[in-house]
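*Asks:* Sharing a structure, written as structure tokens. Questions coming.
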Amino acid sequence: MYDYYGSVLMYKRSHLIIGDPHRKPDENPRRFEWLGNAIVDLKPDVVVCMGDFNDMGSLSSYDKGKKSFEGKRIEADIEASYIGLKLIRSPLESYWARQKKAKDRLYNPEFEMLGGNHDEARIERVINSNPELEGLISIEKLGYEKYGWNYTRYTQPRIIDGIAYCHHFASGIMGKPIGGKNMARALIQTNLQSSTVGHDHGFHYAFQPRADGTMVHGLSAGCYTEDNPKYAEGADKFWWRGLILKTNVHDGEYSLKQFSMDEVKANWG
């Protein structure tokens, strides 16, 4: 792309960030339709889900053998995943139909799904302990790629426009997730590039200039949930719920806007 004088103009993109959604079978899935409406309205170039799209409660070791575990089934978790993915896509399909009718250029964002400790890691752990389940349950069966999402394996970073996206990044010889009150700055200092994570469910943000004045950003993107799970045991009061839009994205730099869950519901519910 060039300006009037023939100079190269840099096209800067936008990313819509979805913190861990933790889709469950026994919840109202309305927030996924809201998400689809938000995508149609905001028209980001890239949509990134930070992992744990599916909670996979049927494979939880936290409440295995407890009363709360009764009734949980793998099939129900898989079906819940499909319902959520369909609801995200439904507003887009309606919008695409209108675009085709009007002969407009089709808006078609990139969809990026990251593996998380609740979906991929739980599935891998259970298969390793119960080889007879291999083929009956897998990350592929959750439908991410079927519904148009490019999938990146758990703990593997996905680099998009200079930003490293991962469910969480490890630190130290024990490989524990980077966390704490200063986790956003720790992300910058550990990775030495703009990095965005899920997992923590809190909103943490920091930026730091390079020698040339460009910025490196560290971000923990909160979560995209409405419930208050028992396993959180009060820690959920520190969670931030909503969507994050990055604009003017290029070479790891961006501007940031938050939409709280109340704003998401008011704008797109």
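*Asks:* Using a 10 angstrom cutoff on alpha carbons, build the Gaussian network for the chain and name the most mobile of Leu142, Leu92, Leu42.
*Replies:* Maximum fluctuation in the GNM of the chain, among the listed residues, is at Leu42.
*Asks:* Between Pro91, Pro157, Pro131, which gets the highest mean-square fluctuation from a Gaussian network model of the chain, Cα cutoff 10 Å?
*Replies:* Looking only at Pro91, Pro157, Pro131, the biggest GNM fluctuation is shown by Pro131.
*Asks:* How about segment 90-129: which trypsin sites (Lys or Arg not before Pro) there lie in a loop by DSSP and see at most 16 other Cβ atoms within 10 Å?
*Replies:* Details: sites: Arg98, Lys100, Lys101, Lys103, Arg105, Arg122, Arg125; in loops: Lys103, Arg105.
Filter output for segment 90-129: Lys103, Arg105.
*Asks:* I would also like to ask the following. Which pairs, out of Lys176/Lys237; Lys24/Lys176; Lys12/Lys257; Lys24/Lys230; Lys24/Lys246, put more than 20 Å between their alpha-carbon atoms? Kindly include the intermediate steps, with their values, before the conclusion.
*Replies:* Values: Lys176/Lys237 23 Å; Lys24/Lys176 26 Å; Lys12/Lys257 16 Å; Lys24/Lys230 14 Å; Lys24/Lys246 27 Å.
Exceeds cut-off: Lys176/Lys237; Lys24/Lys176; Lys24/Lys246.
*Asks:* Efficiency by 1/(1 + (r/R0)^6): what FRET value for His250 and Ser129, r their Cβ-Cβ distance, R0 = 51 Å, to the nearest 0.05?
*Replies:* Values: r = 45 Å, r/R0 = 0.88.
Rounded to the nearest 0.05, the efficiency is 0.70.
*Asks:* Given the options Met215, Met183, Met50, state which has the largest fluctuation in a GNM of the chain using a 10 Å cut-off (strictly under) for Cα springs.
*Replies:* Taking springs between Cα atoms under 10 Å, the residue moving most is Met215.
*Asks:* Further question on the same structure: Could you provide, to the nearest whole Å², the per residue accessible area of the chain with probe 1.4 Å? Could the numbers behind the result be given before it?
*Replies:* Values: 13820 Å² over 269 residues.
Here the per-residue accessible area is 51 Å².
*Asks:* Could you order Lys43, Lys146 so the one with the most accessible surface comes first? Probe is 1.4 Å.
*Replies:* Values: Lys43 80, Lys146 140 Å².
The most accessible residue leads, giving Lys146, Lys43.
The values are calculated or read from the model by the stated rules, or taken from the named source; none is laboratory data. Predicted model, so just to flag it, every value in this text is computed and none were measured. Here the Cβ is made from the backbone with ideal geometry for all residues, glycine too, and neighbour counts use every protein chain on show. Side chains included, ligands, DNA and RNA excluded: accessible areas come from the protein's heavy atoms. Shrake-Rupley method; radii C 1.70, N 1.55, O 1.52, S 1.80 Å.
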